[in-house]
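Step one of this worksheet: look at the structure below.
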Amino acid sequence: MTATDMFNKKRGIRNCNPLNIRRTADLWQGLAERQPDPEFFSFRSMAWGYRAAFILLRTYCHKYGRHTIRSIIARWAPPADGNDTDNYIRKVCALTGFDANKPLNPYDPEHMGPLVAAMSRVECGEKAVMSQIKKGWALYMGTECP
């Protein structure tokens, strides 16, 4: 892939950050050595980006009581940040087949895999690669070594 091809990729794909996690003081495992994007983290691979997404979504459940697509997306992509939150929720529900108010279990790959795949599709405009999500899940669950 040429530098031009890479530049033309969506930001989340370029950064191996499929859910576009904003940069903070957090020192995530799997961060790329270079962080060229001033707003969003860059990860070494998509699997590491998915791992971070699973951890953030687990935090949404435990720390903030966000257990449904509706409540998760309302925090992830709030209208105050210029997002069309209702449309984001509709798209994720259509892609997952889940009801917006269905409680999700952050330790169930049958819930979280489709959720991050759908959110990645909304964020990046491309269908997620399930093998990358599965590898991210294995990193998240500690069943795969880096």
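The values are calculated or read from the model by the stated rules, or taken from the named source; none is laboratory data. Given the structure is predicted, the values throughout are model-derived calculations rather than measurements. Reconstructed Cβ throughout: ideal geometry from the backbone, glycine too, with neighbour counts over all protein chains shown.
Here are the numbers for this structure:
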quantity	calculated
Residue check, Asp86 within 22 Å of Lys127 (Cα to Cα), touching a helix residue (DSSP H, G or I) at 6+ places or on another chain (Cβ under 9 Å) and at pLDDT 95 or above	yes
Search result, residues across the stretch 26-64 that are farther than 23 Å from Leu104 by Cβ, surrounded by 14 or more Cβ atoms within 10 Å (Cβ to Cβ) and of a type in the set (A, V, I, L, M)	Leu31, Ala32
Given (1) surrounded by 19 or more Cβ atoms within 10 Å (Cβ to Cβ); (2) within 11 Å of the chain's Cα centre (by Cα); (3) assigned to a helix (DSSP H, G or I), number of the condition Arg121 does not satisfy	(1)
Qualifying residues in the stretch 103-116 (those that are part of a loop (DSSP other than H, G, I, E, B) and in contact with a helix residue (DSSP H, G or I) (Cβ under 7 Å, 6 or more places away or on another chain)) - the one nearest to Ile73 (Cα to Cα)	Leu104
